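S.K.: If you scroll down you'll find the structure; I have some questions about it.
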Amino acid sequence: MKLGRRSFIGTGAALLAGCALAKKERKPNVVFFIADDMLPKHFNCLPQGKGKNLTPNIDRLANEGTVMTEQHVCSPICTPSRYNVLTGTYASRANNDFFTGRTKNEGQSVVEFNTHILSSDTTLPRLMQKAGYNTGMAGKNHVVEVESRKRFKDFDASAKDPENVSKLKANHDHVCQAIREIGFDYADHVYDNNPDFLGLHEVAVQNMDWITEAGVEFVGQPRENPFFLYFATTVPHGPTQEERSWNANPLISAVGYLDKAPNVQPARDTIPKRLKKAGLPVNDDTANMLWLDDAVGALLDKIEETGQLDNTVFFFFSDHGQSSKGTVYQGGVHDPSIVWKKGGFPVGSECDAFVSIVDFAPTILDISGYNYSKVKFDGESFLPYLNGKPQKPGRVLYFELGYARGIRKGNWKYMAIRYPEDLENMSMDERKRVLDEWNAERVRKHLRTVTDDPSAPFSHLTPIPGGGDAERKSTGSYPGYFDRDQLYDLSKDPREQKNLAKDPEYKQKLEEMQREMKKILGGLPGDFEL
């Protein structure tokens, strides 16, 4: 395993060392900060973004903590990634009726925006409660099953109409209650989905300050127990335009218009000034990243103000790799994260252990000192690697999304694309009907459409001609995109441009990788024929 620039072994820095903390010592607080749709160029700690962003607080986490350079996600879109974090299991294990019913009908599971957490599920926050933690959540949900939300007939209706105000607040109450039922003691200032899907166009704007206000309130509460905060932003996911994001009306929130603007982050009008002073361009990209970074700073400041920063572990993560969102190519699944604590970790500033998004839950429980040996996780704790222990070779990482499955073992990557027979044979009339209905709903919500051509091929994620909007940039963008079987040697072909699956020279490697995938698929719901 590669060690970073710093080595803390023998320096006397406090080791978590399997989280065997002294009995009288308070357990560490844990913050899990999950951003939405960050690109590699948004991280100054990655080559693609170095020097392009004004993000002093994220930079601090990276410089003082550990960058997990080989972190991967399983299902690179919003909902299943959040499912993976909060359950430590693959999203194809979801138990909600909509997902399991579709698996029953189609034969194979189809992981997309449909894997929801139920109150009956075993979750990370519920286990953290058992470990003696106060648990809190603020920001974007997009994963917990919520019932009884009120519908809006007119997307363009006024958010100041008393009836609509009542619906917005009632929906927010329902969402917060559902979140509490999966193990969070505190839930507030929550977006159930992306702003465009709250029901009214008028409130389809970002409000980072409002989310941060709830996070700051939670970590600042007087308590005897340690805390676990799951903090989920809605940025830099769209809408990114100035008037709907970093410079939008600060009174607009998911519950309608606020009586008073939040005052927990630096004023929004300072964002352009600070960017110019740093010699960086002022655009929606840099401005939204500084706005997000201000949220990190506000949380760190509040934790420090209350005297708890020296005993806090801070995870910083974006929900998936954005370069190829909606696919299981490396551009979708490779997604470095940052783990910080005061004094750093023995492994140093970088750790190249192969780790998965489903590893977060057992790692956090390891940090909390909770015995989770009877819990069935698909992941494993990477705390030993943070503490300097080398990773044994042979870890197989698994990926699933839509009609695609993939694994990575060492530098080899195998992908399989399988559509059910009814999709393969869908008539042109049916394709047109599906596409027209999809596009009509997008237009109603003032959202862009991908294509009007019913003959366009499906994406890996969505059985809609041309694919959905989430994966529009990646659909068909790889030379082997439409091949049923794909094999790549990432040591020579990191961008997955040369499919070796049909090359006789690599027949044995292909069969080896297929055997590895079958081992995993055999323990998961649904059929997937290789």
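The values are calculated or read from the model by the stated rules, or taken from the named source; none is laboratory data. Everything numeric here is computed off the predicted structure, so don't read it as measured data. So basically every Cβ, Gly included, is an ideal-geometry build from the backbone, and we count neighbours across all protein chains shown.
S.K.: For the stretch 291-322, what are the residues that are in a loop (DSSP other than H, G, I, E, B) and aliphatic (A, V, I, L, M)?
M.R.: The answer is none; no residue qualifies.
S.K.: Take the conditions at pLDDT 95 or above, crowded, with 19+ Cβ neighbours inside 10 Å and assigned to a loop (DSSP other than H, G, I, E, B) and apply them to Q221. Does it pass? Talk me through it step by step, then tell me what you get.
M.R.: Details: at pLDDT 95 or above: yes; crowded, with 19+ Cβ neighbours inside 10 Å: no; assigned to a loop (DSSP other than H, G, I, E, B): yes.
Answer is no for this residue.
S.K.: A further question on this structure: For the stretch 438-468, which residues satisfy the criterion of being assigned to a helix (DSSP H, G or I) and either aliphatic (A, V, I, L, M) or over 30 Å from F152 (Cα atoms) (or both)? Even if it seems obvious, please write down each step before you answer.
M.R.: Kept after step one, since they are assigned to a helix (DSSP H, G or I), are these residues of the stretch 438-468: 438-444.
Hits for the stretch 438-468 are A440, V443.
S.K.: Provide a single number: the residues in the stretch 141-197 that are among the hydrophobic types (A, V, I, L, M, F, W, C) and touching a Pro at 6+ places or on another chain (Cβ under 6 Å). Reasoning before the result, please.
M.R.: Let us first name the residues in the stretch 141-197 that are among the hydrophobic types (A, V, I, L, M, F, W, C), namely 143-144, 146, 152, 155, 157, 159, 165, 168, 170, 175-176, 178-179, 182, 184, 187, 190, 197.
Then drop every residue that is not touching a Pro at 6+ places or on another chain (Cβ under 6 Å), which leaves 184.
Result for the stretch 141-197: 1.
S.K.: Determine, yes or no, whether D359 is within 24 Å of Y133 (Cβ to Cβ) and buried (at least 21 other Cβ atoms within 10 Å of the Cβ). Give the derivation first.
M.R.: On the way: within 24 Å of Y133 (Cβ to Cβ): yes; buried (at least 21 other Cβ atoms within 10 Å of the Cβ): yes.
Yes.
S.K.: Would you check if there is a residue in the stretch 412-434 being crowded, with 21+ Cβ neighbours inside 10 Å, within 30 Å of P239 (Cα to Cα) and of a type outside the set (D, E, K, R)?
M.R.: no
S.K.: Could you identify the single residue in K169, K160 that is surrounded by fewer than 21 Cβ atoms within 10 Å (Cβ to Cβ), part of a helix (DSSP H, G or I) and of a type in the set (D, E, K, R)?
M.R.: Values: K160 fails: part of a helix (DSSP H, G or I).
Answer to the selection: K169.
S.K.: Can I ask one more? Would you confirm whether or not the stretch 169-178 contains a residue that is touching a helix residue (DSSP H, G or I) at 6+ places or on another chain (Cβ under 9 Å) and at pLDDT 95 or above? Before the answer, list the steps.
M.R.: Of the stretch 169-178, the ones touching a helix residue (DSSP H, G or I) at 6+ places or on another chain (Cβ under 9 Å) are none.
Among the residues of the stretch 169-178, not one is touching a helix residue (DSSP H, G or I) at 6+ places or on another chain (Cβ under 9 Å) and at pLDDT 95 or above, which makes the answer no.
S.K.: Got at least one residue in the stretch 488-498 being buried (at least 18 other Cβ atoms within 10 Å of the Cβ) and either among the acidic types (D, E) or not assigned by TED's automatic domain parsing to the domain that holds Y419 (or both)?
M.R.: Pass one, the stretch 488-498, residues buried (at least 18 other Cβ atoms within 10 Å of the Cβ): 488, 496.
Checking the rest, the ones that are also either among the acidic types (D, E) or not assigned by TED's automatic domain parsing to the domain that holds Y419 (or both) come to 496.
Scanning the stretch 488-498 turns up at least one residue that is buried (at least 18 other Cβ atoms within 10 Å of the Cβ) and either among the acidic types (D, E) or not assigned by TED's automatic domain parsing to the domain that holds Y419 (or both).
S.K.: Does Y488 satisfy the criteria of being among the aromatic types (F, W, Y) and in contact (Cβ under 8 Å) with a residue 60 or more places away in the chain?
M.R.: Details: among the aromatic types (F, W, Y): yes; in contact (Cβ under 8 Å) with a residue 60 or more places away in the chain: yes.
Yes: the conditions hold for Y488.
S.K.: Assess whether G321 counts as being at negative phi, at pLDDT below 95 and out of contact with any Phe, Trp or Tyr (no Cβ under 9 Å at 6 or more places or on another chain). Steps first, answer last, please.
M.R.: Values: at negative phi: yes; at pLDDT below 95: yes; out of contact with any Phe, Trp or Tyr (no Cβ under 9 Å at 6 or more places or on another chain): no.
No: the conditions fail for G321.
S.K.: Report yes if some residue within the stretch 125-145 is in a helix (DSSP H, G or I) and closer than 21 Å to I211 by Cα; otherwise report no.
M.R.: Filtering the stretch 125-145 down to residues in a helix (DSSP H, G or I) leaves 125-130.
Narrowing further to those that are closer than 21 Å to I211 by Cα: 125.
The answer is yes; a qualifying residue exists.
S.K.: Quick one: which of K153, K140 is out of contact with any Gly (no Cβ under 7 Å at 6 or more places or on another chain) and either free of Cβ contacts under 8 Å to residues at least 12 places away in the same chain or not assigned by TED's automatic domain parsing to the domain that holds N96 (or both)?
M.R.: Working: K140 fails: either free of Cβ contacts under 8 Å to residues at least 12 places away in the same chain or not assigned by TED's automatic domain parsing to the domain that holds N96 (or both).
Going through K153, K140 in turn, just one is out of contact with any Gly (no Cβ under 7 Å at 6 or more places or on another chain) and either free of Cβ contacts under 8 Å to residues at least 12 places away in the same chain or not assigned by TED's automatic domain parsing to the domain that holds N96 (or both): K153.
S.K.: Residues in the stretch 299-308 that are without any contact (Cβ under 8 Å) to a residue 40 or more places away in the chain and crowded, with 19+ Cβ neighbours inside 10 Å: how many? Reasoning before the result, please.
M.R.: Narrowing the stretch 299-308 to residues without any contact (Cβ under 8 Å) to a residue 40 or more places away in the chain: 301, 304, 307.
From the residues that got through so far, the ones that are crowded, with 19+ Cβ neighbours inside 10 Å too are none.
Adding up the residues that qualify gives 0.
S.K.: Specify the residue that is nearest to P80 (Cα to Cα); the eligible residues are those in the stretch 441-490 that are touching a strand residue (DSSP E or B) at 6+ places or on another chain (Cβ under 7 Å) and among the hydrophobic types (A, V, I, L, M, F, W, C).
M.R.: L461
S.K.: Shifting gears a bit: Restricting to the stretch 381-440, name every residue that is among the aliphatic types (A, V, I, L, M), touching a strand residue (DSSP E or B) at 6+ places or on another chain (Cβ under 8 Å) and closer than 27 Å to K104 by Cβ. Step through it out loud before you land on a result.
M.R.: Taking the stretch 381-440 and keeping what is among the aliphatic types (A, V, I, L, M), we get 383, 386, 396-397, 401, 404, 407, 415-417, 423, 426, 428, 434-435, 440.
Filter once more, keeping what is touching a strand residue (DSSP E or B) at 6+ places or on another chain (Cβ under 8 Å): 386, 396-397, 401, 404, 407, 415-417.
Answer for the stretch 381-440, where residues must be among the aliphatic types (A, V, I, L, M), touching a strand residue (DSSP E or B) at 6+ places or on another chain (Cβ under 8 Å) and closer than 27 Å to K104 by Cβ: L401, A404, I407, M415, A416, I417.
S.K.: Do we find a residue being assigned by TED's automatic domain parsing to the domain that holds W340 and touching a strand residue (DSSP E or B) at 6+ places or on another chain (Cβ under 6 Å) anywhere in the stretch 258-275?
M.R.: no
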